[in-house]
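Please read the structure below before turning to the comments.
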Amino acid sequence: MKTRSAEILCIGTELLMGDIVNTNAAYIARRLAELGINLYHQSVVGDNPQRLRDSLAIAFSRADTVITTGGLGPTYDDLTKETIAACFGRKLTMHQPSLEALESRFAKSGRPMTENNRKQAMMPEGCTVLKNPNGTAPGCAIEQDGRIAIMLPGPPREMEPMMDHEVMPFLQKFQEYRLVSRNLHFFGIGESALEEKLHALMVSSVNPTVAPYAKTGEVMLRVTARVKELSEADALIAPALEKIKEAAGEFLYGIDVGDLQTALVRALSERGLQVALAESCTGGMTAERLTGVPGASKVFSCGLCCYSNEMKEQLAGVQQDTLLRHGAISEQTAKELAAGVRRISGADIGIGITGNAGPEPSEGKEVGLVYIAADSPWYQQTFTLHAARRDDDARNYIRTVASSHALNLALRACRAYPGKEA
């Protein structure tokens, strides 16, 4: 059984015009990678039958599987099924179970079902119908002469569950091998420095492979094994994980954890701890990131946005003498912010952030200078960040990187906790 190759073809003039960001291609690509299906091209085409036919012909000239999104709706310009069915020499016929599901959906919603909605239940003869419990447009797959065309709806809330629950099992039967990946997340080390530490492992590894991916302020390593059975993956991946931990474990903040804020919420939850934040230059960004994680309410005590010196004094208890002698942008102020917010909230860990996000120097301190402090009974640490950047997004970049360092410092404080072992 050969390894299949695929191409993603996203359909919609709104995508070409930039009115909608194409997140579908990225999602499908990630899921295809899990199946070990090679993906070499992605394309976007407008709602035009001839251009769709041309794009489909090009796609099938270099791949045996084409996955489309969009154009399955009830309106006149939704022509994906009609066009692709014609390319395969298939007629459209009414699929009675899809029609009944449509009628039931409209009846439950109390909305009248217009005649053009019936079009969505028309399917190419002999296709595999892909159920859509989250919308009115079912998907479908045509398999013929070694080629497969899979048609999915455009809205991500409909497409993603269909890809997961309908397309993945459908494609799995054509694959002998699968790819299994573990994602290792690093903070405090750049991509080049990490690559230098792991260069020998990266160039020598064949199965599993080890590949770095740079993100804003951090690096991810993906370790990927090619296996016939999922049960084989751990035995292949585990030795590589151990070598990576030995070489760069001090910078590793999580495996398959997603991001710093998720890692922090999990670590706090496991230890029964709470964190509190006092933010100046980040303006509440750290609190926003933290509260975006499910379960944060159990571990996040409070967040203060102390932008002015008066509020640093009144809310967080920073001493006026500290502000006069050292300034708001100082290690001393960061320490007092952290200690103050921990004191007033009763949290186990306090984090203070103060700095200059620009656009001009302040208190004689350069743009990008940030001080971050952690305060707890067992861990006190201050970090100085120099994050200067000269572009239109510099201010947001400084705030984002400072926020990440604050989350990382809180995570280090949490993991240093000498009490209950996680």
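The values are calculated or read from the model by the stated rules, or taken from the named source; none is laboratory data. Computed from a prediction, not measured in an experiment: that's the story for all the values here. Neighbour counts run over all protein chains shown; Cβ positions are idealised from the backbone, glycine included. Heavy atoms of the whole protein, side chains included, go into the accessibility calculation; ligands, DNA and RNA do not. Shrake-Rupley method; radii C 1.70, N 1.55, O 1.52, S 1.80 Å.
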Q) For the chain, which cysteines have no disulfide-compatible partner, meaning no other cysteine Cβ under 4.7 Å? A) CYS10, CYS87, CYS281, CYS302, CYS305, CYS306, CYS414
Q: Using a 1.4 angstrom probe on the protein heavy atoms only, line up VAL180, VAL206 by accessible area, largest first.
A: VAL206, VAL180
Q.
Need one number: % antiparallel among DSSP beta bridges in the chain, to the nearest 5.
A. 60 percent
Q.
In the chain, if the dipole is taken from +1 on Lys/Arg beta carbons and -1 on Asp/Glu beta carbons about the Cα centre, which of GLY110, ALA373, PRO155 is farthest to the positive end?
A. GLY110
Q: Please turn the phi angles of segment 124-132 into ³J(HN,Hα) values with the Karplus equation 6.51 cos²θ - 1.76 cosθ + 1.60 (θ = phi - 60°), one per residue in order, whole Hz, x for glycine and proline.
A: x, 4, x, 7, 9, 7, 9, 5, 10
Q. Name the trypsin sites (Lys or Arg not before Pro) in segment 308-417 that are in a loop by DSSP and that have at most 12 other C-beta atoms within 10 Å, would you?
A. ARG390
Q: Give me the accessible area per residue for the chain, probe 1.4 Å, as a whole number in Å².
A: 47 Å²
Q | Over 32 Å (Cα to Cα) - which of LYS81/LYS173; LYS215/LYS365; LYS173/LYS243; LYS215/LYS298; LYS215/LYS335 fall in this group | A | LYS173/LYS243
(Q) Counting other C-beta atoms within 10 Å, and keeping those with at most 10, which DSSP coil GluC sites (Glu not before Pro) do you find in segment 198-256? (A) GLU229
Q) Which angle from 0 to 90°, rounded to the nearest 10, does the C-alpha axis of helix 191-204 make with the longest principal axis of the chain? A) 50 degrees
Q) Taking the chain as a Gaussian network, Cα atoms linked when under 10 Å apart, which of LEU32, LEU230, LEU194 shows the biggest mean-square fluctuation? A) LEU230
Q: Keeping every protein chain in place, order ASP78, ASP259 by accessible area at 1.4 Å, biggest value first, i.e. largest first.
A: ASP259, ASP78
Q. How high is the relative contact order of the chain, in percent, with contacts defined as C-alpha pairs under 8 Å that are six or more residues apart?
A. 11 percent
Q: Pick out, in residue order, every one of the chymotrypsin sites (Phe, Trp or Tyr not before Pro) in segment 341-422 that is DSSP loop and has at most 12 other C-beta atoms within 10 Å; say none if there are none.
A: TRP378
Q: Report Rg/Rh for segment 190-246, rounded to two decimals, where Rg is the Cα radius of gyration and Rh the Kirkwood radius.
A: 1.00
Q | Most to least accessible of LEU184, LEU179 (protein chains only, probe 1.4 Å) | A | LEU179, LEU184
Q) In segment 40-198, what percent of the accessible surface is made up of carbon and sulfur (1.4 Å probe, ligands and nucleic acids excluded)? A) 50 percent
(Q) Once you compute Rg and the Kirkwood Rh from C-alpha atoms, what is the Rg to Rh ratio for segment 175-296? (A) 1.04
Q. From the Cα gyration tensor of segment 88-141, with a ≥ b ≥ c the square roots of its eigenvalues, which class applies: rounded if a/c is under 1.5, or else prolate if a/b is larger than b/c, or else oblate?
A. prolate
(Q) Taking the full set of protein chains and a 1.4 angstrom probe, give the accessible area of HIS41 in square angstrom, rounded to the nearest 10. (A) 70 Å²
Q. Once you sort the root eigenvalues of the Cα gyration tensor of segment 306-422 as a ≥ b ≥ c, which label holds: rounded (a/c under 1.5), prolate (a/b larger than b/c) or oblate (the other case)?
A. oblate
(Q) How large is the Rg to Rh ratio of segment 1-84 when both quantities use alpha carbon positions and Rh follows Kirkwood? (A) 0.98
Q: Quantify how much of the Cα-Cα distance distribution of segment 25-124 extends past 23 Å, in percent.
A: 40 percent
Q: Work out the FRET efficiency for GLN144 and ALA416 from their Cβ-Cβ distance, taking R0 = 60 Å, and round it to the nearest 0.05.
A: 0.50
Q. So what's segment 121-201 giving for Cα Rg divided by 2.2 N^0.38 Å, two decimals?
A. 1.66
Q. What are the semi-axes of the equivalent ellipsoid for the chain, taken as the square roots of 5 times the Cα gyration tensor eigenvalues, largest first, in whole Å?
A. 50, 26, 20
